[in-house]
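To keep things clear, I will list the structure first and then write my remarks on it.
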Ligand SMILES: Cc1ncc(C[n+]2csc(CCOP(=O)(O)OP(=O)(O)O)c2C)c(N)n1
Ligand code: SF4
Ligand code: SF4
Ligand code: SF4
Ligand SMILES: [Mg+2]
């Protein structure tokens, strides 16, 4: 189905839709939006692997698929291994993998499936140097099983197993920096991205296609259901995550760090702006917020230094 | 082309590696574990020497990932192979279900090894038998030749019924013991085993599919039935493929249970794998001493050879089931299966379970002779002394 | 005209089997989720005021379904068969051309 050329030219994203409506993500789901973008970026020539996570459900129950691209569902902890196997098979069969006209082999896994149970398989995939792309969509908890903490859950967040009762028991650990673990593998390309900045995400997806070897993108993907946030605020929250430097956008390419617009533009906004839109942070005391704020700024300074020294 | 075997004195593990090479596997993903390791070492050597084309070897970081990578490779259309043992196989468990559920004909060699603790690297069948409900076919090799033949046949059977298959060999007794193996020239293997025709493909980008999505209670059930139907079909396929193998290469595998001198036997020994080599020798000795005994070697444990077992059981007074394995809280696993098969038939020989050789405990011809004596008494008395006997137990 | 999925939407069908023989051998998908109309999840419905619309397509960009299409005249349309009523489009529209209206059912 076509639209006028002059309109097409004004679109900031590819017009083609390969993510079908009728999928069963909750209203305002960041993960669903992320999938829509990835499927836009590569057209059809991409093979997806999805482990147990919300996206298993989003992708459609049998006999339906929300993807206009091949998709293999796999076990929770196996994304890195399965994409390694797919890539090996394609190579054995003589297909071109990655590069301009090559097949993209993509793993799409949640934060739990990446930072926790799938970390080993991810490490194997990165370390062995397969030509593939691993995308961790980060909604900062185990949503599919009903909002339990993951190691990617931030300090002070409510989840169903950090419920914030009388004893004020909330998540007491800071968000694990999975991207730093990934970068420790010295892969050619790693980046953070956000559903609030799809043009930036798209650029990164294109880079990941061009650069041989393993690529990794950590995509910030709000979850209104698990974050206890209004469904219409998903993009606003994701934008604030970047603007407060809670989730800065950056790239690591061949040993060099680069902080991307708009993370570079201004001084970070106070973290409260990000927190106040989300019910999951409502149990935090002033001190808690202070702890989180300090951590955010510390991490931000560290990133800026890395970009300065290794830029 | 006339069949002239290539004879080589090799270990069971090398037989497995050569067979994988000759089957032209395209992806091998494996992780080292004693006593499997020399399989992947040999395959790496083939690669290093340029003896294989189009083979991708993925040195994964665990057995769980080994099976996951084989599943990915197989889903993408490749002929995938792996090998493991005991702890490694147990770690794979989740993915064994995945391979069969996604209908992928991955072939794996498992070297039977005892499960820890206590740590053991020696022969014991509990590791593979504990995987019996995963939808994998299982073939137990008696010797190195059967390891080689088994791997090649397994690919053909697996790719016909779209289910994965496991070839099982014994720790050290086969894996590291050298014996003559007749290997088949490549062109003849190619004729016997043509390239794989996958059930579905992930590379048809104009007709993309999603594999393994959520199956609601309205549909899951039918897919389980499909697996069972293919398992049933596999019996026929095994028979045909085993026969064809015999016609081409002189070793007939058409029977899921190999019978040895059972014609007029009063009772038979039944078991799996290398154990049955010892039993066959003992049968010869016992026969020369006037015992009317035979051996029934169960080659395929999954699908289970129900018909063959019934035919055998009809004609004997007793069966001594030798289990180098155990299901705690119950009994030997083969024994348990055999009893179950016969319950709803009119064949009810006296059937006794001997737990032997766990964790590599020596099991010899003289042990078989002692068991024969015990069985003889049971048959004369027309009554079991006990159902399950821990044969070697120090008392 | 809905430019999102073209014929895909009209071709999409509900699939159900009566006998085991009709099932494929492996659990592979047979159709698109487009046959699943999620519009009935909605409580509030987005309504676009063309007079305020500046054709920036920000709403189109951020719809997670997607349910926003671009009309031949360059304005945006909403496919209410799929729109779940999340309100992201209204929240992100720079000219406030989209309002969320309580839906009478
Ligand atoms: C081995 C195993 N353990 C546990 C589960 C249950 N499980 C399914 S999805 C999930 C959480 C997924 O969390 P995440 O990866 O963050 O994805 P999300 O659902 O948040 O999108 C869990 C615990 C499983 N499927 N497999
Ligand atoms: S729970 Fe969250 S991540 Fe999962 S589908 Fe709903 S909004 Fe999306
Ligand atoms: S976001 Fe608002 S102004 Fe922009 S295209 Fe949509 S309705 Fe029009
Ligand atoms: S309300 Fe949500 S689902 Fe409906 S059109 Fe707007 S963004 Fe899309
Ligand atoms: Mg999550």
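All of the numbers you see were taken from the coordinates with simple rules; none came from a lab. As the structure is a prediction and not an experimental result, all values here were calculated from the model. Please note: Cβ atoms are built from the backbone with ideal geometry, for glycine as well, and neighbour counts cover all protein chains shown.
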Suppose a student asked you for the relative contact order of chain A, using Cα pairs under 8 Å spaced at least 6 residues apart; what percent would you report? 16
For A:246, B:291, B:310, what ranking results if the residue with the fewest other Cβ atoms within 10 Å of its Cβ goes first? B:310, B:291, A:246
Please list log₁₀ I(q)/I(0) at q = 0.06, 0.07, 0.12, 0.16 Å⁻¹ for chain A, using the Debye equation with identical point scatterers on the alpha-carbon positions. -0.19, -0.26, -0.78, -1.40
Relative contact order as a percentage, the stretch C:7-102, C-alpha pairs under 8 Å and 6+ apart, gives 32
Apply the Debye scattering formula to chain B, with a single equal point scatterer on each alpha-carbon and no solvent, then give log10 I(q)/I(0) at q = 0.08, 0.12 Å⁻¹. -0.41, -0.91
For residue C:99, placing the label point 7 angstrom along Cα-to-beta-carbon and taking the stretch C:15-48, residues whose amide nitrogen sits under 14 Å are C:45-48
Under a plain spin-label model, where a point goes 7 Å from the Cα along Cα-to-Cβ, how far apart in nm are residue A:148 and residue B:190? 5.3
Please rank C:68, C:58, fewest neighbouring Cβ atoms within 10 Å first, as an exposure proxy. C:58, C:68
Taking chain B as the reference, fit the longest principal axis to its C-alpha atoms, fit the long axis of helix B:63-75 to the helix C-alpha atoms, and give the angle between the two in degrees, 0 to 90, nearest 10. 60
Across the Cα atoms of chain C, what radius of gyration and what greatest pairwise Cα-Cα distance (Dmax) are found, in Å? 16.9, 56
Span from the the stretch A:292-311 Cα centroid across to the the stretch B:327-365 one, whole angstrom: 66
What value does the stretch A:214-311 have for Rg/Rh, both radii from Cα atoms and Rh as Kirkwood defines it? 1.00
Once you put a point 7 Å from the Cα of residue A:305 and another 7 Å from the Cα of residue A:2, both along the Cβ direction, what distance in nm separates them? 5.7
Value in Å of the Kirkwood radius, where the protein assembly as shown supplies the Cα pairs that are averaged: 29.0
Averaged over A:94-106, number of beta-carbon atoms from partner chains that fall within 10 Å: 1
Among B:184, B:40, B:379, the residue with the largest mean-square fluctuation in a Gaussian network model of chain B built from Cα contacts under 10 Å is B:379
Over all residues in B:212-222, what is the mean tally of Cβ atoms on other chains that come within 10 Å of each residue's Cβ? 6
For A:105, B:161, B:241, order by how many other beta-carbon atoms lie within 10 Å, fewest first: B:241, B:161, A:105
Helix-only mean residue ellipticity at 222 nm for chain B, each DSSP H run of n ≥ 4 adding -39500 (n - 2.57), per residue, nearest 500: -13000 deg cm²/dmol
Between residue B:387 and residue B:315, take the C-beta separation as r, use R0 = 22 Å, and let me know the FRET efficiency to the nearest 0.05. 0.50
Could you tell me the largest-minus-smallest coordinate of the C-alpha atoms of the stretch A:148-265 on each of the three principal axes, in descending order and whole angstroms? 51, 31, 23
When only C-alpha pairs under 8 Å and at least 6 residues apart count, what is the relative contact order of chain B, in percent? 16
Computed label-point distance, nm, for sites residue B:218 and residue A:180 using a 7 Å Cα→Cβ extension: 4.9
Past the 25 angstrom mark, what percentage of all C-alpha to C-alpha distances in the stretch B:272-395 do you count? 18
Among B:246, B:318, B:150, the residue with the largest mean-square fluctuation in a Gaussian network model of chain B built from Cα contacts under 10 Å is B:246
Relative to the longest principal axis of chain B, what angle (0 to 90°, nearest 10) does the C-alpha long axis of helix B:86-101 take? 60
Measure nothing but the geometry: give the 0 to 90° angle between the long axis through the Cα atoms of A:30-42 and the longest principal axis through the Cα atoms of chain A, rounded to 10°. 30
